[in-house]
Amino acid sequence: MLAPERRTRLDVAVAATIAIVVAVAAAVIWIRSDARGTTSVTTDAPAAAVDTPLSPPSSLSELWRAASPESAAPIVADGTVATADGGTVLGRDPVTGDERWRYRRDMPLCGAIGAWNTVVAVYRDQRGCSQVTQLDGATGERKAQRSSDADDAVTLSYDGTYVVSRGPERMELWRSDLVRTLEFGRVDAPINPGKQPRPDCSLKSAAAGGTRVTVLMHCPGEAGDRISVLDAAPKDNQEPHEFGSTLLTGPGADTSGARLIAASGDRTAVFLPAGPISAARIAVVDGEGSEIASHPVTTSVDADATAARNGSVFTWWTGTELIALSTSELAPKWTVTDALGPGAIMAGSLLVPVPGAIAVLDPATGIEQARIPVTRDADAAPIATSILGDIVLEQRGDEVVALR
């Protein structure tokens, strides 16, 4: 039998060895973990107050500007303006542009978007644009997070209910807690093969509208592009439910430049370019993907054409013109020329960037009510607009500019 003092020394030696092993293992885990490459600085201080205007301003001056190459439009979340650059998302005071909170990861940003009064930031790792973090707009605190397989580049959009993350081969929809409600397209090593109806198609664009999401894609062996209308939240998020799927073909059809414009309820507006014997048009399809209306388009449509929901209309910037579509029928209501982007609503009016100014329009009629001079370095389109109280935010290329 060991003497008590000898047993104690042995116990101490064993315990020390175990402690060293645990410390080394913890260090290895730390070195390899995402947390090691993450910086999160939050705030409890409120942002500067902004006024709620009763009418659009008569003049605007620049307050501040900041780089934000990883956002497609100015990000507004719970009284804060967020910018996305490199691997960093900054929450900024809307009046001064000063940093309020910071979130940074040692990996590149695929993109960031405002949704549910939060900022959703998507980062790229070895699995593609798969690392997703939700940040509280007011404080910068981390909320929900998720990780899943993704493409190396994605386009983010938000319809008021879901965030859509679409890559060229794969798409996901997330609800407000970042739980995935739908995956569509390519699935690596599927657990249950055969659940995806079109795993080999190239996804060209997507538009969510309430309980449905419409996808425009090109599938191998098909003569033209295809539209599928999907349940945004099927019973099994890994098994898409198609309400309908239609091939965009017809006499003289050329669908190579087709794109989705907007979705609302069970209707989707699709731009179809001119073909050898057909004119360019906006086709409206129903909840099963069948065309129910057609409207001619007489202007050219730029590759950067984009749309935004602005009150009672969707405003679609074609590259030279702004076409307003009703949110119910998705039928054109009015058109204005010389627009530089789809604009945004302030105090019931539509503020649209135009060369050297912002045009103030009646969203119901498109009639110009006023014109606010704005000095820009260049009137390069597209310019995306967001509104926070009485502050107008413009995304001009890789910069966000605040005006008041």
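The values are calculated or read from the model by the stated rules, or taken from the named source; none is laboratory data. Since the structure is predicted, the reported quantities are computational estimates derived from the model, not experimental observations. Here Cβ is always computed from backbone atoms with ideal geometry, including for glycine, and neighbour counts include all displayed protein chains. In case anyone asks, the SASA skips ligands and DNA or RNA and just uses the protein heavy atoms, side chains included. Shrake-Rupley method; radii C 1.70, N 1.55, O 1.52, S 1.80 Å.
For the range 226-344, what class follows from the C-alpha gyration tensor (a ≥ b ≥ c being the square roots of its eigenvalues): rounded when a/c is under 1.5, otherwise prolate if a/b is larger than b/c, else oblate?
Values: a/c = 2.02, a/b = 1.29, b/c = 1.57.
Note, shape of the range 226-344 comes out oblate.
I need the shape label for the range 177-219. Rule: rounded when a/c is under 1.5, else prolate if a/b > b/c, else oblate, with a, b, c from the alpha carbon gyration tensor.
Oblate, since a/c reaches 1.5 and b/c is not below a/b.
5 Å is the cut-off here: which amide hydrogens, built 1.01 Å from N in the peptide plane, fall below it relative to His241, excluding neighbours closer than 5 in sequence?
Asp231
Apply the Karplus curve 6.51 cos²θ - 1.76 cosθ + 1.60, θ = phi - 60°, to the phi angles in the range 291-308 and return the couplings in whole Hz, x for Gly and Pro.
3J(HN,Hα) across the range 291-308, in whole Hz: 5, 10, 7, 9, 9, x, 10, 9, 9, 6, 10, 7, 5, 8, 3, 8, 10, 8.
Per residue of the range 338-351, in order, report the coupling 6.51 cos²θ - 1.76 cosθ + 1.60 (Karplus, θ = phi - 60°) as ³J(HN,Hα) in whole Hz, putting x for Gly and Pro.
6, 6, 10, x, x, x, 7, 8, 9, 6, x, 10, 9, 9
What residues have an amide H closer than 5 Å to that of Ala48, excluding those fewer than 5 places away on the same chain, when H is modeled at 1.01 Å from N in the peptide plane?
Under 5 Å from the amide H of Ala48: Val95.
Specify the residue with the greatest mean-square fluctuation among Thr38, Thr385, Thr88, computed from a Gaussian network of the chain linking alpha-carbon atoms under 10 Å apart.
Thr38
At 1.4 Å probe size, with the rest of the protein present, what percent of the exposed accessible area of the range 314-404 is carbon and sulfur atoms? List each step's numbers first, then the result.
Details: 1560 of 3070 Å².
So the carbon and sulfur contribution to the accessible surface is 51 percent.
Taking the Cα centre of the chain as origin, sum charge times position over the Cβ atoms of Lys and Arg (+1) and Asp and Glu (-1), and report the length of that vector in debye to the nearest 20.
Details: 36 positive and 50 negative charges, 219 e Å.
Roughly 1060 debye, rounded to the nearest 20.
Averaging sequence separations of C-alpha pairs under 8 Å and six or more residues apart, then dividing by the length of the chain, give the relative contact order as a whole percent. Could you put the intermediate results ahead of the total?
On the way: 1041 pairs, mean separation 50.0, N = 404.
In percent, rounded to a whole number, it is 12.
Determine the calculated [θ] at 222 nm for the chain from helices alone, applying -39500 (n - 2.57) to every DSSP H run no shorter than 4 residues and normalising by the residue count; nearest 500 deg cm²/dmol. All intermediate terms of the calculation are to be shown ahead of the outcome.
Details: 1 runs with 29 residues, N = 404.
The helix-only estimate for the chain comes to -2500 deg cm²/dmol at 222 nm.
Answer with one residue from Ala262, Gln238, Ser349: the one whose Cα lies farthest towards the positive end of the charge dipole of the chain, charges on Cβ with Lys, Arg +1 and Asp, Glu -1.
Sorting the options by dipole projection puts first Gln238.
Indicate the gyration tensor shape class of the range 301-378 (rounded, prolate or oblate), computed on the Cα atoms with a ≥ b ≥ c the square roots of the eigenvalues: a/c under 1.5 is rounded; otherwise a/b larger than b/c is prolate and the rest oblate. Walk me through the numbers before you get to the answer.
Values: a/c = 2.03, a/b = 1.26, b/c = 1.61.
Taking the square roots of the gyration eigenvalues as a ≥ b ≥ c, the range 301-378 is oblate.
If the chain were replaced by its equivalent ellipsoid, with semi-axes equal to the square roots of 5 times the Cα gyration tensor eigenvalues, what would those be, largest first, whole Å? Provide the component values of the computation, followed by the final result.
Details: eigenvalues 389, 188, 49 Å².
Largest first, the chain gives 44, 31, 16 Å.
Below 26 Å, Cα to Cα, which lysines can Lys235 reach? Residues fewer than 8 away in the same chain don't count.
Output for Lys235: Lys143, Lys195, Lys204.
Given a 1.4 angstrom probe, what's the average accessible area per residue across the chain, in square angstrom? Mind dumping the intermediate values first?
Working: 18220 Å² over 404 residues.
Heavy-atom SASA per residue in the chain reads 45 Å².
Rank Asp44, Asp85, Asp379 by mean-square fluctuation in a GNM of the chain with C-alpha springs under 10 angstrom and give only the top-ranked residue.
Asp44
Cβ under 12 Å from Thr385's Cβ, Thr385 left aside: what net charge do those residues give with Lys, Arg +1 and Asp, Glu -1?
Values: positive: Arg396; negative: Glu394.
Local charge sum for Thr385: 0.
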